[in-house]
Amino acid sequence: MRFLFKRETKILLTIIVIAVVVALLLIFTGVFGLKSSLEGSLKLVHASKGLNQYEITVDFDPDSKTLVCHQSVLYKNKSEDLLTHLYFHLYPNAFQYEDRAVFEKSDMNRAYPNGFSPGSIDLSSVRIDGEDVNYVLGGYSEDILMLLTEGDVASDQKLNIEMEYTVFLPDSMGRFGYGENMYKMVNWYPIACVYDENGWNLDPYYAIGDPFYSDAANYEVTVKAPADYILATTGELKAKKKQGKDISWQIQALAVRDFALLACNGFETVSKQVGKTLITSYFYTADAGEKALDYAAKSLSFFNEVFGVYPYFQFAVVESDFYIGGMEYPNLIMLDHDLYQKRNSGYLELVTVHETAHQWWYGLVGNNQITDAWMDEGLTEYSTLLYYGNRYGEKKEEEIYQNIIGEGKYNILSSLWSLGILDETIHRPIYEFADWTFYDMLVYGKGAMLFHSIREEIGEEKFFQSLQKYYKENQFQNAGKSDIIQAFNQVTGLDWQQHFDSWLYDGP
């Protein structure tokens, strides 16, 4: 017994010593990470106060290609005006009609490789504060829901809006729908239209650009899906529960601009921690999934340093049945399956970095992507260039600038613009661009050149200070042209209005 006591005491002391050493290591090596995580949590909690609250339950059936949903929105009139009606976007209805498609005619075969397939959303009931309410479907493709409220909605007044609906997914390689490998539930639920200084924003789903404009909101989403499916979503997974043959996924997302949901029964995953953010690559093409993870991790780390820390704790990079290259959503980016093929390895990095930069520009600092597309796309394109310079050096940065941004986009048609044959105005609504080619060259190409011109004039230090100020002061909000100009003005002590206008409306 005496021997056993000594041995047990020795083991116990060893455990205590190890525990103390581990604790000290955690304190000395992890205190800053812990502090950063706590600050991130507090920032999200603070940002989430006063935002609209969405609670959505979803029954996802891959066999019938449907989502059966119940949605409750705690809506607050954050304006100073009396609102006589409320409006929601019903984006799935934009996919109803072939002759009103959300794709350019030249892209229809790529968008619908198996022939046109309609998508839609079918409302079965709408209630406000427990009472049935009358509503009207309008817009170009019945994609705007107008709620006829009982009386005006006063400033700061809150309403509880409940909806029951079914979403029908199209067989489409666009943003929304499904393909051979996976399902893309993006822009899929009724989302409140933005009411700003210009009133209600009721734009349709245009075929050019990213025709979305939304306020940050909080989401609690519960998805029931077959047990063999893996979900990649906006937000943090809080719990997974077995429900017969299905799994219930409970997800929370605070202070995000939208909620995306992707599903596949063949996803492989690999993850990496960057600061407080866990990045997960979801893929079904071997090898390239780890490359996408590396590109996302390197770019997220760089943007954390030069723009300001990403406040969320998760970020998903998802290989998708998608033909348009890449698309950003909060905490998640979709990447074209073709990018994962060896022949496109260079473009996989380029698109991954671009979409990751969108987590800052539009995801966190929002803007009206219909009227002010240059604000997120031009800055995001230039952020991509900055990444290449940081990772590979000045020579690679110059190569990317000339081949992808300058000569590769804007300069191709600059001679026509200089002759006055074509309008080179950047700052105009997306529906005024003739096609994706001109939109890309001006909004992405010339937009990025605008920011390059400023960086060359004021130097790197003040350039990054200006972007950090812009990010800090407009985080979780919707910004306008005056906000980004103000950030540069305040940091440099100069007035940049004329410089911006010369690029946005005239020649450089």
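Just a few scattered comments:
- R0 of 45 Å, Cβ-Cβ distance residue 132-residue 305: FRET efficiency to nearest 0.05: 0.30
- The range 299-411: Rg to Rh, with Rh as the Kirkwood radius over Cα pairs: 0.95
- Extension gain for the segment residue 201 to residue 437, taken as residue separation times 0.36 nm less the Cα-Cα distance, is 82.4 nm to one decimal.
- Per the Debye calculation on the range 207-353 with a single equal scatterer at every Cα and no solvent contribution, log₁₀ I(q)/I(0) for q = 0.09, 0.15, 0.16 Å⁻¹ amounts to -0.28, -0.80, -0.91.
- Taking other residues whose beta carbon is less than 14 angstrom from the beta carbon of residue 182, and scoring Lys, Arg as +1 and Asp, Glu as -1, yields -4.
- Ellipsoid equivalent to the range 364-503 - semi-axes via the Cα gyration tensor, in Å: 23, 19, 14
- Over every Cα atom in the range 36-187, the radius of gyration and the widest Cα-Cα span, Dmax, amount to 18.3, 51 Å.
- Dipole of the range 208-255, positive direction: furthest Cα of 219, 253, 229, with charges on the beta-carbon: 229
- Simple point charges give the picture: +1 on the Cβ of Lys and Arg, -1 on the Cβ of Asp and Glu, and for the chain a dipole about the Cα centre of about 2860 debye.
- The range 135-255 - convex hull of the alpha-carbon atoms, volume per residue in Å³: 162 Å³
- Using Cβ point charges alone (K and R +1, D and E -1), the dipole size of the range 183-262 about the Cα centre works out to roughly 700 debye.
- Between residue 90 and 144, 145, the built amide H atoms are under 5 Å apart, and every one of these is 5 or more places off in sequence or on another chain.
- For the range 123-167: span of alpha carbons on each principal axis (Å, largest first): 31, 21, 15
- Förster radius 41 Å - calculated FRET efficiency between residue 79 and residue 124 (Cβ-Cβ, nearest 0.05): 0.85
- Cα radius of gyration and Dmax for the range 426-508 (Å): 13.4, 39
- Environment charge of residue 212, counting only residues whose C-beta is closer than 11 Å and scoring Lys/Arg +1, Asp/Glu -1: -3
- P(r) tail fraction, the range 358-413 - alpha-carbon pairs more than 13 Å apart, %: 63 percent
- Inter-centroid distance (Cα atoms) of the range 122-142 relative to the range 231-249, Å: 29 Å
- Per residue, the accessible area of the range 56-139 comes to 50 Å², computed with a 1.4 Å probe over protein heavy atoms only.
- Derived from the Cα gyration tensor, the three semi-axes of the equivalent ellipsoid of the range 62-115 are 34, 18, 8 Å, largest first.
- In this label model, residue 160 and residue 236 are separated by 2.6 nm, measuring between points 7 Å along each Cα→Cβ vector.
- Calculated FRET value between residue 271 and residue 345, using beta carbons and R₀ = 25 Å, to 0.05: 0.75
- Highest mean packing comes first when the peptides 289-300, 102-113 are listed by Cβ atoms within 10 Å, giving 289-300, 102-113.
- When Rg and the Kirkwood radius Rh are both evaluated on Cα atoms of the range 205-261, their ratio Rg/Rh stands at 1.10.
- Largest first and in whole Å, the equivalent-ellipsoid semi-axes of the range 297-347 read 24, 13, 8, each the square root of five times a Cα gyration tensor eigenvalue.
- Two-site label geometry, residue 483 and residue 181: point separation in nm, points 7 Å out along Cα→Cβ: 3.6 nm
- Label of the coordinate-derived value, Cα extents along the principal axes in Å, listed as (i) 73, 69, 44; (ii) 76, 55, 44; (iii) 98, 60, 49: (iii)
- Peptides 178-191, 270-283, 368-381 ranked from most to least packed give 368-381, 178-191, 270-283, packing being the mean of other C-beta atoms within 10 angstrom over each peptide's residues.
- Working ranking of peptides 352-365, 124-137 by packing, defined as the average number of other Cβ atoms within 10 Å per residue, highest first, is 352-365, 124-137.
- Taking a sphere under 11 Å around the Cβ of residue 126 and counting the other residues whose Cβ falls inside, with K and R at +1 and D and E at -1, yields a net charge of -3.
- Span-rule helices in the chain, defined as complete DSSP H runs reaching 15 Å or more along the axis (Cα) with Kyte mean at least 0.0: 2-48, 345-357, 447-458
- Cα-derived Rg over Rh, computed across the range 248-315 with Rh taken as Kirkwood radius: 0.99
The values are calculated or read from the model by the stated rules, or taken from the named source; none is laboratory data. Predicted model, so just to flag it, every value in this text is computed and none were measured. Cβ coordinates were reconstructed from backbone atoms using ideal geometry, including for glycine residues, and neighbour counts include every protein chain displayed. Side chains are part of the model used for accessible areas, which takes the heavy atoms of the whole protein and leaves out ligands, DNA and RNA. Shrake-Rupley method; radii C 1.70, N 1.55, O 1.52, S 1.80 Å.
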